[in-house]
Structures are given as C-alpha cells and as structure tokens.
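Remarks on the structure that follows.
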Number of protein chains: 2
Amino acid sequence: MGEPATTRRRTRGGGGAARRAERGNASVETAKYIERNIPLFEVLDAEALEAIEHHAETVLEEIGVNFVNNPGALERWRAAGASVDAERVRLPRGLARQLCATAPAKFTQVARNPERSVEIGGKNLVLAPVYGPPFVHDMEGGRRYAKLEDFRNFVKLGQMSRWLHHSGGTVCEPTDVPVNKRHLDMVHAHMTLSDKPFMGSVTDPSRAEDCVEMCGLLFGEQFVQDNTVMTSLININSPLTFDEVMVGALEVYAANNQACIVSPFIVGGAMAPVSVAGTLVQVLAEVMAGVAYSQLVRPGAPVIFGAFVTSIDMNSGAPTFGTPEAAQITYGAGQLARRLGLPFRSAGSFCGAKLPDAQAAYETANTLNVGLLSGVNFMLHSCGWLEGGLVASYEKFVMDADQLGALHRMAAGVRVDEDSLAMDAIREVGPGGHYLGCAHTQKHFKTAFWRSEVFDYKPYETWIEEGGAETPELAGRRVAKLLASYEAPPMDPGIAESLTDFVARKKAAVPDSFM
Amino acid sequence: MGEPATTRRRTRGGGGAARRAERGNASVETAKYIERNIPLFEVLDAEALEAIEHHAETVLEEIGVNFVNNPGALERWRAAGASVDAERVRLPRGLARQLCATAPAKFTQVARNPERSVEIGGKNLVLAPVYGPPFVHDMEGGRRYAKLEDFRNFVKLGQMSRWLHHSGGTVCEPTDVPVNKRHLDMVHAHMTLSDKPFMGSVTDPSRAEDCVEMCGLLFGEQFVQDNTVMTSLININSPLTFDEVMVGALEVYAANNQACIVSPFIVGGAMAPVSVAGTLVQVLAEVMAGVAYSQLVRPGAPVIFGAFVTSIDMNSGAPTFGTPEAAQITYGAGQLARRLGLPFRSAGSFCGAKLPDAQAAYETANTLNVGLLSGVNFMLHSCGWLEGGLVASYEKFVMDADQLGALHRMAAGVRVDEDSLAMDAIREVGPGGHYLGCAHTQKHFKTAFWRSEVFDYKPYETWIEEGGAETPELAGRRVAKLLASYEAPPMDPGIAESLTDFVARKKAAVPDSFM
C-alpha cells in the first residue's frame, strides 16, 4: 500500500511531534479503532433472516428500484442483465447478491497520519462524529445557524477526542459559505485541522471530483488510485429511489477506488413500512441494489451496508430515536450485512431532544449500546447529534464522545487469567476486610475502571459548594478547555500551500450560489 | 395454589373495579411482567465460566465465609458437613452447589390482586422500584430527608406505573417514623395503596416476623404458608460476611416459604477485587454460600441469585454507575446464575448523578439495557434511583419507568410473518412513494412504535413557544398528574381494619427508637 506522500514529506520537516511532546502539549492521544472481543447480539433467527432475504429479492424482481435522471446507470443495469423500463430497474432474483460479492468485506481507509488509518469491516468499529446539521447549539449561545467557524471548531474537537477515530464529513453545514463552495472549505478543514481519516462531498458529482483532486494533492495522485482515502455517505432516497446527485457522487468515488456508504434513510412509517420486518425487507433490497450498482461501476470498489433507520411518532409525525423498534431494525440489519459479507454502518448519538438533557442521554445511550452490540463497523453520528440531526451540539459532542470511551472498554471483553481471577487478593483481604489497600488493587487501580472525563463524581456537599453544575455545564467547560489547547497536526508547508491554492482557484472560477 | 383471602372477600364487597372503569377512572393498566422473546447477551465463554466456578469453590473451601453472631447458623453448617472454626465456615468443594440444587429455578410471588402475581425466573423479568434512599428529591423542593408521605407517594406512583410489576420495599426511608416502627408503616402502605406484589422488612428478624403476620392478615395464614407473597432483600456484607441481622431475617422468611434475594453488595475495588473476573469469583462464592444456607433452613425455599455490583472512581472513592466494568460483571453474573439454575437479580436505574440530568440518563440507560440483555429476572431499583442510591427522585421515577416501557417492547422480539413483512405495503407505495397513508400503516400505526409518555416530540418552534422545558420539568408535570388521579385499589374493609389494628397495636407495644 505504500506510505502517503504527506508522511514522507513530513519526516523531512522533522520531529514536530517529538518537540510538542517535550514541551508537554495538551494534545490528546487517539485510541485505536475498536476491535471487538465480545460476541454480537442477534435478534433474528435463521428462518426470519431467510424470509427477509427472500422478500428483498422479490422486491427487486417484481417492484424494482428507480434510477432517476441517469441514462448511464440504466445502460449499466441493462448490460448487467436487469430489466429496465423507463427509470425502473428490475433485477432477476440473485443478480444483486451476485454483484455484491465483489465488494470487499473489509478495507483500510488511510489517514494522512498513518497511525490513524482505520480498517473498516470484520470485528472493527470505527467512530465518526455527527454529520449534516444546519444548526449548532451551545448552552451559552443557544441554537443558531452553523458557520464555517463552527465547522472548524467541531473538526478540532474531533481531532482532540481520544475516542473518535475519524474526522467525519459535514460535521455541520457552514451556512455562511456559498453552497457550491462549501465542500472546498469543509474538506480543507478536515485535511489541515485533523490528521484523522475523513469523508468527501456528495452534493454534486463535480464536488466529489474536487475532493478526489484535493486528496491527490494531500496524498499523491497515484496513492489515491491505489488506496482508499475517503469514505463518503450516499443516501438512498427511500423508498427504492436512487437520485442522480448521490448516485453521481458514488460513480465518481467508486471509479476512483474511494469508499461509499450506501445507506437507506428511513423514518419507519414514512419511508418504509411501520413494521420492523417490512423495513428490513426494504433496507436490504435498497442496499443490495446500491452496492450492486457500485460494483458495476468498478468491481471491488469498497462499499458499506448502511442503515439509517428510526421510528416515527404517529401523534406528531416527528422522528423518534433510541426506541426499541429502531434497535430491532439495527440488530437485524447488522445480521443481514454480515450475511452479505459487507461492512455495516448504523447507529449514532441519535436523539430527538432539543437540549443535551436527560431525554437526549436516554435516547443516545440506548442507540450507542445497540451500535456496539449489533456489529456496526462504521458509526457515523457517534457524537454531537441533537434534535433529530438538525443541530450539532457543542456540549453533547464531548458528552457523547466521553461515552464512546465506555464502548471501547466494553468491547475489549473480560480478561480471565490468574491475575484477573485475583485469588491472592481474596486471600489477602479475607472475610470482612477491605480491598482498597491490597497489593492487587494497588497494582491495577489506575487502569482497572473506565472513568468519565465529563461527569461529576464528587460528594453532594462538594458538588453543591462548587455550584451544583448539571452535565451540559461541565461539558461546556471541557469544550472550552479543548479548543483552547488545540494545536494543528503538523503538515508539510508545500502541501498546505497547494491545498490553499486549489481552494482559492476553485472558488474564483465560479460565482457564489446558495442553491 | 388457591386464591388469596383478599380476593375472595373482595368479591363480596362487589364490583368496585367495574364501577371505576365505568366512570372513566384515570387508573393505569399494568403490563404483564416481561417474558423475553429475545436471546441473551453472554460475554464469557465456557472456559472462563469454568475458571470462575472453580475458583469460587476454592474460596469457599480454603478461605470460607463468616457467619457473625449466629450460633444456630454455625450449628446448621456443622451438621451439613462444613468445617466451622469460630465464626468461619469452610465448605468442602461441591457442597454449596449441591445444597443450592433444592432451590427452585422459578417461583410465583402472589399479589393480593391475582392478576398482578409475578413469576420470577426463567425467561421472565419483573420490575420493581428504587430501594433504600434516605433522601428524596424533586426539582421544586430540592433534596431533603424522606418522610412517610414521600414513601406513600412513591408507592402510589408505582401502583400507577404501567411498566412496574412490583411495588418494591423501602422505596425511600420514612425518616420521620421511628426506626423500630418504620417497617409497619411501610408494609401497610404497600398492602393498602398498591395491589402489586411487595417486599418485607429485613432490618431485624422480629420485623420480618411482623411482615409475615401482616401477610397472614392480608392473604390468610395458611395461604402464606402455602404461597410466596413476599420477596425480600438480604444483602451480604461483602467480602464473605453474613451478619446476624440480615441472616436472621432470611431465616424467618425461608422458614415461612417466603422468597429472599441473596445479594452481594459490591463496589469493586473496595468490597471485591478491582478486576471483573475476581469480582465474579467472589460474587459466586458469596451467593452460593447464602443460597446454600437458605436451603439448610428450608429445602426448597425460594431464593434469588443477587448481584449488586459497581465500580469505584479511584480518584474520589465514589461508586460509579453505568460503567463498562459493571456491565461486564452483570452479564457474567447472569451466566453464572443460569448455570446454577437460580433466578437472577441485578441492574437497575443506577446513576451517580445528583440531578435527573444527562449524566443520570446515560448511566441509567446503560444499566437498564444491560439488565434486559443479561437475563435479569428481578430488577430492583428499576426506576427512581439518584445519587448512588442516596436519593429517590420523583421526576426520575417516572422518567425511568417510561424507559421500562421500551424494555417491554425490545423484549417482545421481532415478529416476522406475512403481515409484518409488509409486501403489500411495499407494492402499494412503490419507488418514491410515501407510507403514511397506505393500508398497512393505517392498520398498524397506533401500536407499531413505542412512544415515550414523558419526552417532548414537538417541533423546536412549538417547544420554545410552550416554554422550552427540559425533561425533569415534563416529568414533574407527570408526577403531579399521576398523584392527583391516584385511586387506591379496592380492599375488603375487614382486612383493612385488621391491618390498621395490627400496626397500631405493635406500635403501642414498644417505645420509639431511632437506633
């Protein structure tokens, strides 16, 4: 796979990381992506899975999917043996699954700092932040339209987070930048403010091309052709519709060997049936069609089985999060993805709450735990999501990210060996004794238990004396502290300049558009 | 098993329930206890389980357990073949497990309303409220010592909760009642204000006797001997110590065929080793000794494998909740309980937070989900716990109880049949359509998705217009509404009088004591 250009050149620049370490820099070490050492939770039995798979094939065969405004796609399908009627594509039973077989079960997304490259698939879980909100919220400033400065702040918080392995994509919409130029500033921010892997733009095929070009500047053009350096989010317009914008971006990425998440976007009862089983039938049909199409573009292109699924409140029509039905769909989709041999994307810090309060935390914790146990390999939105995804919350970003630390520990499984069985400690302490001072405790206490870096563990009286802060206030202090101590990861000045030039040149070439 | 006296007599009183139903009473239907239709999550493999079981036997054989100030217990142990040295009891390898074999894998706890009787064990999960806090908290009145009025309020809230199957025990400490008379008022409140099953007193063997007598008045004396009508909490004084107060209460209950939870009370690193595996070794040894002892008192007495386990913050010494280590111990303990053939008690609405805020909800949601998937059969503290168990929170009681509804739905599993696979709906809607109006949705939308009765699902603008309430405020409104619409379940006036008389007579017989 070789070494990305940025690293090779950086070593010539010499020892920036070492110098920073020497002067006691506050930068936070990032944990390696999660390699699960625990079983998965599987809610469906073989008979149920087979029924869902059978019906998904029926959907593809009888009902089919629409590829909208995309003659090239229809041509590819026709050549592959599908029946094409206007924009409707019907797939003979078995064709989609057969085409999916060339997609890799696991792939590496290379980061410009190779220590932060991630392997997506298998037993791994890679965590990325919230994606897409047009608003941001903090307890002091309230809810407001997101700006580029917010975007940059969230990328910095992601870079500083020990438990995020991935810088994400549209961490919020920089609404103060013209729509047709946002992708340039966003990708530039990920490339320069973070050294973790990131996502590309999907809002227009030409913007996807820009992202590939920028990666060429960052990693080297040939390196990009030989390696996956972006994972991007292709939403399916559920039910059963693939629009030309998203599919156009997928075509660009797949052709360039870059990864895509092919993801139904489903609020159950609106974009899919109200039943868990029916939703799974549709999800599977949609993903198989999308993944199969990616393999028509380029066999072997890396792709992820995505499932953004939630339920609806039939009183208000609002999407609801952290619900048992969403959990069941996620568990089931994970099983279907594994049977298809594809990496799985689902779950996140989902909540419908308007504030980072108890509602937000119940809904989020329910979903994060499902994410871990359902076998998710790539968890977008793993921190910072608020109000049904309309809002990126500063405080919730660090509150959720803190919980991701607990997922790491849970995923590590239980060590059972002579030392952990602790017979010497039990003997030393004996009936009625106390373990705090015993040798085994002294040896292990620093690392024995996961500890929140946000929550308050002080006694009531101390907590009251210190002002009786609620969680968001504590989180807000952590946000301020992290942003104050942020330092950009080192980058070769030549690369930095070429990226800045590219963005300036591209921006100058077309007039601003907010459409 | 027959019918409890209270029911037989009540029918003579005639039709109270029916009359209330006619006039549109606000009383809430209680769901049946959960019968899991989903798999369990098992974190330990067979080798790990065998290692833990082997070492637990070694603990009992080599180190032993202390039965403090209890010559009768030592005599029982000696007769059973244990080695007794002062208060230390050492059990030959295999003895404890052999004695545990007479304990039932499942038992019924009868409620005075037989529709609310619960079966504890097997695939079932019975939910009971918080137990033990000396303080209560609500957002308006803040934190204060609990009084009998609070106790009665929490029993009423439990009776009104759709998702609580059990009225619990010391839902909070009525600190305005003398210590030596509290149990009378507490059990009287459970008996009269609720018709769900409840717990007896364990703070003195004589108080356990009082509870058995009161049950005789409520159910009939012979009925109590033939049926289990109380489940009570016997904490082990970990490590490895059984004090005479708790064991004395266990002796009373077991002799009278009443159920006990035999439960190590462990903050890892203080009362057990800092490691998950070491804690499980000690938990298993302690439970096996306690359960074996219950079977020496009365073979076949119903008993539950309890495990109250959490980790410690090594910075402050505070217990921490909702942590991955606590989850791992709970999952492991569930596996050990099933291998021992005993019902399992663990988990709850645990949190260290001082307010029903995001910290509380993350910690609680983490633990409730573990409770469901670890195979807990009896979940004490399933709602209302705050601040490490020092506080019963009014708002959190209804917030947590609401989440218990989600556990019911999750536990029901996924229905996969022709109707739920929803092919007609997918055909009817087709690519690009909308499911809200289709026949399948219209048929199912009222019951398709779980819906919180506390959370806010309104759009941001409406929510702001209505005051922008956080979750505890919404929960506080629900508390007020429930208490205002509470109505006592009907009771035969003769029984009611006999219970009131008993309490008055017992109270008059001894001077008040706050020790």
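The values are calculated or read from the model by the stated rules, or taken from the named source; none is laboratory data. It should be emphasised that the depicted structure is a prediction, and the values quoted were computed from it without experimental measurement. Reconstructed Cβ throughout: ideal geometry from the backbone, glycine too, with neighbour counts over all protein chains shown.
Here are some residues: B:GLY290, B:GLY348, B:GLY334, B:GLY371. Which one is within 30 Å of A:ALA469 (Cα to Cα), in a helix (DSSP H, G or I), small (Gly, Ala, Ser) and more than 10 Å from every other protein chain (Cβ to nearest Cβ)?
The unique qualifying residue is B:GLY371.
Does the range B:86-99 include one or more residues that are without any contact (Cβ under 8 Å) to a residue 12 or more places away in the chain and either of a type in the set (A, V, I, L, M, F, W, C) or in contact with a strand residue (DSSP E or B) (Cβ under 9 Å, 6 or more places away or on another chain) (or both)?
Yes, that holds for at least one residue.
Give me the residue from the range A:398-415 that is facing chain B (nearest Cβ under 7 Å) and surrounded by 24 or more Cβ atoms within 10 Å (Cβ to Cβ) and, out of that set, nearest to A:TRP385 (Cα to Cα).
Filtering first and then ranking leaves A:MET399.
Any chance you could count how many residues in the range B:306-321 are free of Cβ contacts under 8 Å to residues at least 60 places away in the same chain, over 17 Å from the mean Cα position of the chain (by Cα) and either closer than 28 Å to B:GLU47 by Cα or not in a loop (DSSP other than H, G, I, E, B) (or both)?
Residues in the range B:306-321 being free of Cβ contacts under 8 Å to residues at least 60 places away in the same chain, over 17 Å from the mean Cα position of the chain (by Cα) and either closer than 28 Å to B:GLU47 by Cα or not in a loop (DSSP other than H, G, I, E, B) (or both): 3 in total.
Report, by residue number, each residue of the range B:205-234 that is out of contact with any Gly (no Cβ under 8 Å at 6 or more places or on another chain) and among the aliphatic types (A, V, I, L, M).
Of everything in the range B:205-234, those that are out of contact with any Gly (no Cβ under 8 Å at 6 or more places or on another chain) and among the aliphatic types (A, V, I, L, M) turn out to be B:MET214, B:LEU217, B:LEU218, B:VAL229.
Do any residues in the range B:244-268 that are within 17 Å of B:GLU286 (Cα to Cα) have Cβ atoms under 7 Å from those of residues that are surrounded by 24 or more Cβ atoms within 10 Å (Cβ to Cβ) and of a type in the set (Lys, Arg), where the two are at least six apart or on different chains, and which pairs are they?
If the second residue must be surrounded by 24 or more Cβ atoms within 10 Å (Cβ to Cβ) and of a type in the set (Lys, Arg), the pairs left are B:ILE261/B:ARG345; B:SER263/B:ARG345.
Let's see how each residue does on (1) of a type in the set (A, V, I, L, M); (2) at the interface with another protein chain (Cβ under 7 Å from one of its Cβ atoms); (3) free of Cβ contacts under 8 Å to residues at least 40 places away in the same chain:
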position: B:ALA360; (1), (2), (3): yes, yes, yes
position: B:MET379; (1), (2), (3): yes, no, no
position: B:TRP385; (1), (2), (3): no, no, no
position: B:MET423; (1), (2), (3): yes, yes, yes
position: B:ILE426; (1), (2), (3): yes, yes, yes
position: B:HIS440; (1), (2), (3): no, yes, yes
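Looking at the range A:63-128, what strands (runs of 3 or more DSSP E) fall wholly within it and have at least 1 residues that are more than 15 Å from A:GLU286 (Cβ to Cβ) and under 30 Å from the mean Cα position of the chain (by Cα)?
Result: A:106-109, A:118-121, A:124-127.
Do we have B:PRO174 as in a loop (DSSP other than H, G, I, E, B), under 30 Å from B:GLU61 (Cβ atoms) and at pLDDT 95 or above here?
Taking the combined requirement at face value, the residue does not satisfy it.
Does B:PRO459 qualify as being surrounded by 13 or more Cβ atoms within 10 Å (Cβ to Cβ) and farther than 30 Å from B:VAL187 by Cα?
The answer is yes for B:PRO459.
When you scan the range B:45-58, do you find a residue that is surrounded by fewer than 24 Cβ atoms within 10 Å (Cβ to Cβ), part of a loop (DSSP other than H, G, I, E, B) and modelled with pLDDT of 95 or more, even just one?
Yes, the range B:45-58 contains a residue that is surrounded by fewer than 24 Cβ atoms within 10 Å (Cβ to Cβ), part of a loop (DSSP other than H, G, I, E, B) and modelled with pLDDT of 95 or more.
Which one of these is touching a strand residue (DSSP E or B) at 6+ places or on another chain (Cβ under 8 Å), in a strand (DSSP E or B), buried (at least 24 other Cβ atoms within 10 Å of the Cβ) and modelled with pLDDT of 95 or more: A:THR279, A:THR231?
A:THR231
I'd like to check something: does the range B:471-483 contain any residue that is more than 7 Å from every other protein chain (Cβ to nearest Cβ), part of a helix (DSSP H, G or I) and loosely packed, with under 12 Cβ neighbours inside 10 Å?
No: zero hits.
Select from the range B:61-77 the residues that are small (Gly, Ala, Ser) and surrounded by 17 or more Cβ atoms within 10 Å (Cβ to Cβ) and write down the one among them that is farthest from the other protein chains (Cβ to nearest Cβ).
Applying the filter and picking the extreme gives B:ALA73.
Could you grab me the full set of residues in the range A:122-139 that are crowded, with 22+ Cβ neighbours inside 10 Å and within 16 Å of A:PHE344 (Cβ to Cβ)?
Selection gives A:LEU125, A:VAL126, A:LEU127, A:ALA128.
Only one of these is under 23 Å from B:ALA86 (Cβ atoms), modelled with pLDDT of 95 or more and in contact with a Phe, Trp or Tyr (Cβ under 8 Å, 6 or more places away or on another chain): B:SER294, B:SER238. Name it.
B:SER238
List the number of the failed condition for B:PRO178; all other conditions in (1) buried (at least 19 other Cβ atoms within 10 Å of the Cβ); (2) farther than 21 Å from B:GLY300 by Cβ hold.
(1)
With A:LEU250, A:LEU284, A:LEU218 as the choices, which residue is within 14 Å of chain B (Cβ to nearest Cβ) and part of a helix (DSSP H, G or I)?
None of the other options fit; the residue is A:LEU284.
Being modelled with pLDDT of 95 or more and touching a strand residue (DSSP E or B) at 6+ places or on another chain (Cβ under 6 Å) is the requirement here; does B:PHE378 meet it?
For B:PHE378, the condition - modelled with pLDDT of 95 or more and touching a strand residue (DSSP E or B) at 6+ places or on another chain (Cβ under 6 Å) - is met.
Would you mind finding the one in B:GLY200, B:GLY220, B:GLY216 that is crowded, with 24+ Cβ neighbours inside 10 Å and either modelled with pLDDT of 95 or more or over 23 Å from B:PHE135 (Cα atoms) (or both)?
B:GLY200
Any residue at all in the range A:145-162 that is β-branched (Val, Ile, Thr) and part of a strand (DSSP E or B)?
There is no residue in the range A:145-162 that is β-branched (Val, Ile, Thr) and part of a strand (DSSP E or B).
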